[in-house]
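The values are calculated or read from the model by the stated rules, or taken from the named source; none is laboratory data. All values derive from a computational prediction rather than experimental measurement. All Cβ positions, even for glycine, are placed from backbone atoms using ideal geometry, and neighbour counts span all protein chains on display.
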Amino acid sequence: MDDQQNPNPEAPEAAPPRSLEEVLAEAQAKIEEHRNAHLRALADADNARKRAQADIAAAGKYAVERIVADLVPVVDSLEAALAVQAEEGALRSGVELTLKQLRGALEKAKVSEISPVPGAKFDPNRHQAMAAVPSEAEPNTVIAIMQKGYLLHDRVVRPALVTVAKAIENREINPISDAGLASNQGN
């Protein structure tokens, strides 16, 4: 029956109790270890934040680098066209070529034209009405374009300047109105 009281007779006896100083020293060592790990994590996070800020600053500073590289040849072509005293036809073809280069550079940068056709519905998000003219056309439609607008991706860089149609006012004399009486009273 002695076996029933101690089911594992080969089990070691309990470890001798440790002193409070030992337990305290062990706890302080663990605290210092966790403190150092925490400080390393904070330093890593701060370094990552500084790297991200530097990357954002560089991206903002050089965001237009690609478009500038595409526009520099256009400037060169315009300067060359102005430097050469050529006949009118040669000047025109040079300017047309330069315009083609410029449009190509803008297209690469995802810049597109806003050029509404007459009769198109006026869009206040993409058009700026410079004048409203009485017209037979449907009101709030574009009659004429004064200057093209441009989009960068889907954002309006410059709205198209347009003339918009407005309804023609009827200036007929109303038979019920007193408007014509002043001229008839002198008779």
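Here are some notes:
- Cross-chain or 6+ apart pairs with Cβ under 7 Å, segment 94-108 first and farther than 21 Å from ARG158 by Cβ, then surrounded by 13 or more Cβ atoms within 10 Å (Cβ to Cβ): GLY94/ALA81; VAL95/ALA81; LEU97/SER77
- Residue match in segment 121-128 (condition: loosely packed, with under 12 Cβ neighbours inside 10 Å, more than 29 Å from the chain's Cα centre (by Cα) and among the charged types (D, E, K, R)): no
- All of ALA80, ALA105, ALA29 fail the test of being touching a Pro at 6+ places or on another chain (Cβ under 9 Å) and part of a helix (DSSP H, G or I), apart from ALA105.
- Within segment 125-158, the residues that satisfy the criterion of being part of a loop (DSSP other than H, G, I, E, B) and farther than 28 Å from ALA105 by Cβ are SER135, GLU136, ALA137, GLU138, PRO139, ASN140.
- Just one of (1) free of Cβ contacts under 8 Å to residues at least 12 places away in the same chain; (2) in contact with a Lys or Arg (Cβ under 9 Å, 6 or more places away or on another chain) fails for GLU113. It is (1).
- Where SER93 falls short, out of the listed (1) exposed (fewer than 12 other Cβ atoms within 10 Å of the Cβ); (2) at negative phi: (1)
- Considering segment 49-75, and only residues there that are modelled with pLDDT of 75 or more and among the acidic types (Asp, Glu), the residue that is nearest to LEU99 (Cα to Cα) turns out to be ASP70.
- Residue match in segment 47-63 (condition: outside any helix (DSSP H, G or I) and closer than 21 Å to TYR150 by Cβ): yes
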